[in-house]
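Data first, discussion second: the structure below is written as structure tokens.
Read-outs: derived from the displayed coordinates by stated rules, not from any lab. Model, not experiment: these values are computed from the prediction. No Cβ is skipped: glycine too gets one built from the backbone with ideal geometry, and neighbour counts run over all protein chains shown.
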Amino acid sequence: MDEMEACLSGAWYDCHNQVFLDLKTRARHLLSRYHELAYEQREERRAVLEELFGSIGDNVSVGTPFICDYGRNIHLGSNVSVNMNCTFVDCNRIDIGNNVLIASNVQLYTSTHPVELDERLTPNWDPASGEYFCRTYALPISIGDGCWLGGGVIVLPGVSIGSGSVIGAGSVVTKDVPPNSLAVGNPCRVIRKINQGRREHQA
């Protein structure tokens, strides 16, 4: 496997390999352009997002500032609102469904390191080698249709959040959340199911 294949497969990879540095440079240039655009310049903002992201649906809003690593691994459905000051570390794939609300200061992290020190450090590391001194791997994140992530939510690598679920503000999501669940806390835990039946509007 090359470094990109290793990264997307969840294996250890060299995050300072040139392929990743080039992707980061590209993303930084696009984000710089995006941040310079006024909110009213919707067509221009949309064009930058289409170039930055792997895929994007209709009626998508991404507030500024916004930070991501590569951009190309982010896939957004339709009717998605990403509020200001969000960070998407998209070393692996981030899939966000339709009708999703992502509040301010939400952080989605696909990249991580081994917990054990002897696994985390690169064996026989030599500064002259160009390798990074520690091992890195990345796992995908999936957020289903109709989800709402409250302000300051952190989602860790490899987590899937089921459709229709709500994550309370400030929660740290360390494991999968089933569909139609209200989950809160650090670590985030399901506290009840959400009734998905629509209520008819009464005049």
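In nanometres, what is the gap between the two model label sites at Lys24 and Ser61, each 7 Å from Cα along Cα-to-Cβ?
3.2
For a footprinting-style exposure proxy, rank Trp148, Trp125 by other Cβ within 10 Å, fewest first.
By the 10 Å Cβ count, ascending: Trp125, Trp148.
For every other residue with a beta carbon closer than 10 angstrom to the beta carbon of Cys68, add +1 if it is Lys or Arg and -1 if Asp or Glu, then tell me the sum. Write out the running numbers ahead of the final one.
Values: positive: Lys24, Arg28, Arg72; negative: Asp69, Asp90.
Counting the neighbours of Cys68, the net charge comes to +1.
Expressed as a rounded percentage, what relative contact order does the range 3-192 have, with Cα pairs under 8 Å and six or more residues apart?
About 15 percent, as a whole number.
Express in nm, to one decimal, how much length is gained between Ala11 and Ala47 on full extension, taking 0.36 nm for each residue of separation and deducting their alpha carbon distance.
Length gained between Ala11 and Ala47: 9.6 nm.
Given H placed 1.01 Å from N in the peptide plane, which residues other than close sequence neighbours of Arg189 have an amide H under 5 Å from its amide H?
Correct list: Val184.
Tell me, what HN-Hα J-couplings in whole Hz come from the Karplus equation 6.51 cos²θ - 1.76 cosθ + 1.60 at θ = phi - 60° for each residue of the range 109-116, using x for Gly and Pro?
In residue order, the calculated couplings are 10, 8, 8, 7, 9, x, 6, 5 Hz.
Projected onto the charge dipole of the chain (+1 at Lys/Arg Cβ, -1 at Asp/Glu Cβ, origin at the Cα centre), which of Thr64, His75, Ile167 gives the Cα projection farthest towards the positive end?
Ile167
Determine the equivalent ellipsoid of the range 82-156 by diagonalising the alpha-carbon gyration tensor, then write out the semi-axes as square roots of 5 times the eigenvalues, largest first, rounded to whole Å.
Listed largest to smallest, the semi-axes of the range 82-156 are 32, 12, 10 Å.
So for each of 111-122, 133-144 I average, over its residues, the number of other beta carbons within 10 Å; can you give me the resulting order with the highest mean first?
133-144, 111-122
Please compute the modelled spin-label separation between Lys175 and Val115, points set 7 Å along Cα→Cβ, answer in nm with one decimal.
1.2
Give me a comma-separated list of calculated 3J(HN,Hα) values for the range 69-83, in order, Karplus coefficients 6.51, -1.76, 1.60 applied at θ = phi - 60°, integers in Hz, x for any Gly or Pro.
7, 10, x, 5, 8, 9, 10, 10, x, 9, 6, 10, 10, 10, 7
Rounded, prolate or oblate: which fits the chain when a ≥ b ≥ c are the square roots of the eigenvalues of the alpha-carbon gyration tensor, with rounded for a/c under 1.5 and prolate only if a/b beats b/c?
oblate
Give the angle, between 0 and 90 degrees and rounded to the nearest 10, that separates the Cα long axis of helix 42-52 from the longest principal axis of the Cα atoms of the chain.
With both axes taken from Cα atoms, the answer is about 40 degrees.
Only four residue types carry charge here, +1 at the Cβ of Lys and Arg and -1 at the Cβ of Asp and Glu. Report the dipole size of the chain about the Cα centre in Debye, rounded to the nearest 20.
The dipole of the chain has a size of about 940 debye.
Under a plain spin-label model, where a point goes 7 Å from the Cα along Cα-to-Cβ, how far apart in nm are Met4 and Phe133?
Roughly 3.0 nm, to one decimal.
Determine ³J(HN,Hα), in whole Hz, for all residues of the range 153-166 in sequence, where each value follows from phi through the Karplus function 6.51 cos²θ - 1.76 cosθ + 1.60 and θ = phi - 60°; x replaces Gly and Pro.
For the range 153-166, the Karplus-derived couplings read 5, 10, 10, 8, x, x, 8, 10, 10, x, 4, x, 8, 10 Hz, x marking Gly and Pro.
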